[in-house]
Amino acid sequence: MEVRMIQLYNGGAYVLNGSEIIPDSPDAQKVLAGKMAQVPSKEEARKQTIAYGILKQHNTSGSMEKLQIRFDKLTSHDITYVGIIQTARASGLEKFPMPYVLTNCHNSLCAVGGTINEDDHMFGLTCAKKYGGVYVPPHQAVIHQYAREMLSGGGQMILGSDSHTRYGALGTMAMGEGGPELVKQLLNQTYDIPMPGVVGVYLTGEPMKGVGPQDVALAIIKAVFANGYVNNKVMEFIGDGVSKLSADFRIGIDVMTTETTCLSSIWKTDETIREFYEIHGREKDYKELNPGGVAYYDGMIVVNLSEIKPMIAMPFHPSNAYTIDELNANLDDILADCEKRAKVSLGDQVSFSLRDKVHNGRLYVDQGIIAGCAGGGFENICAAADILDGKSIGADEFTLSVYPASMPIYMELVKNGSAAMLMQTGAVLKTAFCGPCFGAGDTPCNNGFSIRHSTRNFPNREGSKLQNGQIASVALMDARSIAATAANKGYLTAATDLDVEYRNPKYVFDKQIYENRVFDSKGEADPDVQIHFGPNIKDWPAMSELPEYLILKVVSEIHDPVTTTDELIPSGETSSYRSNPLGLAEFTLSRKDPEYVGRAKKVQAAQKALEAGQSPEEALPELKDVLDTIRASYPEVTDRNMGVGSTIFAVKPGDGSAREQAASCQKVLGGWANIANSYATKRYRSNLINWGMLPFLIEEGDLPFVNGDYLFVPNIAEAVKNKASEVKAYVVKDGMKEFTLKLGEMTDDEREIILKGCLINYNRV
């Protein structure tokens, strides 16, 4: 990445009056003293960030070191809200204590499993009535666009059960977490985290014509992902360049901050954002936000918007980004490198190639998609229409689909003529749907190559199935360059290569659609409403407390640098089964390790026997030798104080989606723990804990065990109870070989959840 485009500071920095950056150094205080009469300490300056002020306002702990956050609002979509509400109901839910919006933008095609998608929707509608929530019917809006239009508010905090819950550009600090964290909020509990670091993102300059928000976002992701520069921190956008960006442009950058692995984001606000709230009839929700006179940031990213060029993130990660010019100039080398990287994720399951997409020295793509919370905004689609005005996408392989992010946006595109301009070219306009982002819509042909203005391009995220010998791939691009490529009938083209007159039409929001179709209880619960249950909606199975002595069998060993939640539990058509914990669990690791489910169930039989008062050795005969070896050193281990379960090892699991099912599916199959060198995201580790799974850490290097080995962890319940930072464990093979596992930092409540076996047990009276 060129330094002039993106610059990362090696340490922290002070920002004076929101405009002057002073790097942290031994001389920093002296520099500040030359510019102001009273120089604050670093700790005082930390309190001057926008993020600190919002977190302080929502913290209930009394300590700004250990936060206990209560959010203002919650939001979920239809592959998460059933499990969340079922968990909360099992824990004593009587009423939603805050606004809770249930959208239906994922399982809205009813393409899998007969009635089960619509059964979930009716479950959502009746729960919104019974507990006092908001229900947004299918095709009306994707979750994050509805939140922007109707939920956001300056200085507020929103928690969503989707990883791309980001409304920082509107002055709202939002976080995406697994379902159990929303359950805690529904039960009037708190979101407990240490005070996060805050990294400044200083924008300067102005984007050149043809450059869009995805281009800026991909440039930032490339600069910060691999080095973990913003991991679990808050990104705070400031600088003179902010005022040069429209609200839509800011939103488009902001939503992609999730792909940096940051915790959340927040932006300074101004008249542009005030106008956004005015357009949506909610001016009272605007709040001006700026850092204080001297604010200290734990890191600083300087982005020169003027130098950003059209970008493309090649398969299979948003950080695998290049300028389109760079790719076109080095086609063979870059495509060969992508094929090499693919081998790490795909192994020998399928044959993957990209170099065969080069036709006459140019890269040809099969499909273009502009969709969802990232691409489906009004300005993105209008710009695409301007680029394609009067042109044709051709009658060959290349196709173009456009999904406006909400019905109000769609209606305005119809009114201002943009919809007709796109349709005339051969493009297809579809309704608000998140399918292209998670593998449930517009899956390309085998070995197809799709360019998308969406959020992720992980393996199989487009819907192909490795287990069936299929592979397709996605590159992320901005809507403008996708349209430019479409104008050239599928040959990769940067939008800056075309001379286009952009209309920049003014957006008019018409809320009548929502008033006519969205159910809003206005916070009033009706306990007499009967919840609609379809045959696929199942309760969570019973889960045991953590035993004193734990026997674990390693049933999967993954050495990829990062393991995504898509690989832990695939998205796409499996999403329809997320209301059925045991049904969904059958798909666990199906793309990464198809033998996992069978292995885990075999081990689980021993635990089920223990719970039934039967012999675990009869249920799992191989356990007899293991127990004999353990009892030679630990004769106190009995059927009454031990547990038997499975575990997996992955180098760095949990990148990607917030979906709790990446953890809960392992749990319902008898998983007691994960072992990792590190966890990619806070939310995945939280999901493990909330489902009663031990988030073990092990030092990098050669593992003391291999797949199929049995591990013994003695006195584990005591260790968790006594806040031990590490525990002694053994590999049980030809005797007992000792090694160390670390537990990492946990709150008292988190330890109690693990001891009880899961969040449901923790909340049961």
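Considered as a group, the residues in region 53-102 that are in a helix (DSSP H, G or I) and basic (Lys, Arg) include one that is surrounded by the fewest Cβ atoms within 10 Å (Cβ to Cβ), and that residue is LYS56.
Each residue in region 442-484 was checked for being at negative phi, of a type outside the set (A, V, I, L, M) and over 19 Å from the mean Cα position of the chain (by Cα), and 16 of them qualify. Counting only strands (runs of 3 or more DSSP E) that sit completely within region 289-359, those holding 2 or more residues that are aromatic (Phe, Trp, Tyr) and buried (at least 20 other Cβ atoms within 10 Å of the Cβ) correspond to 294-297. From the list THR126, THR204, THR165, the one residue that fits, being in contact with a Gly (Cβ under 9 Å, 6 or more places away or on another chain), of a type outside the set (A, V, I, L, M, F, W, C) and either assigned by TED's automatic domain parsing to the domain that holds VAL101 or buried (at least 24 other Cβ atoms within 10 Å of the Cβ) (or both), is THR165.
Residues of region 16-32 include at least one that is within 17 Å of VAL198 (Cβ to Cβ), touching a residue at least 24 places away in the same chain (Cβ under 8 Å) and of a type in the set (Gly, Ala, Ser). Output the residues belonging to region 732-754 that are of a type in the set (D, E, K, R), within 17 Å of ILE551 (Cα to Cα) and in contact (Cβ under 8 Å) with a residue 60 or more places away in the chain. Scanning region 732-754 gives no hits. The set of residues in region 632-691 being modelled with pLDDT under 95, small (Gly, Ala, Ser) and in a strand (DSSP E or B) consists of GLY654 alone.
So that you can scan it fast, the table gives a plain yes or no per residue for (1) closer than 18 Å to ASN687 by Cβ; (2) polar (S, T, N, Q):
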residue	(1), (2)
PRO570	yes, no
LEU584	yes, no
SER615	no, yes
THR629	no, yes
PRO635	no, no
GLY643	no, no
ALA650	yes, no
ARG659	yes, no
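The residue of region 609-626 that is farthest from GLU738 (Cα to Cα), among those that are free of Cβ contacts under 8 Å to residues at least 40 places away in the same chain and of a type in the set (A, V, I, L, M), is ALA612. Do the conditions hold for ASP248, that is, is it among the charged types (D, E, K, R), crowded, with 24+ Cβ neighbours inside 10 Å, out of contact with any Cys (no Cβ under 9 Å at 6 or more places or on another chain) and in a helix (DSSP H, G or I)? In short, no. Can you pull out every residue in region 106-120 that is buried (at least 23 other Cβ atoms within 10 Å of the Cβ) and either at pLDDT 90 or above or polar (S, T, N, Q) (or both)? Scanning region 106-120 gives ASN107, SER108, ASN117, ASP120. Meeting the requirement of 2 or more residues that are out of contact with any His (no Cβ under 8 Å at 6 or more places or on another chain) and of a type in the set (D, E, K, R), the helices (runs of 4 or more DSSP H) wholly within region 698-765 are 716-721, 748-756. If you check ALA483, ALA420, ALA475, ALA432 for being assigned by TED's automatic domain parsing to the domain that holds ALA321, buried (at least 23 other Cβ atoms within 10 Å of the Cβ), aliphatic (A, V, I, L, M) and assigned to a helix (DSSP H, G or I), only one passes: ALA483. In the set (1) out of contact with any helix residue (DSSP H, G or I) (no Cβ under 8 Å at 6 or more places or on another chain); (2) crowded, with 24+ Cβ neighbours inside 10 Å, the condition left unmet by THR455 is number (1).
The values are calculated or read from the model by the stated rules, or taken from the named source; none is laboratory data. Values in this document were obtained by computation on a predicted structure and should not be read as measured data. All Cβ positions, glycine included, derive from the backbone under ideal geometry; neighbour counts span all protein chains shown.
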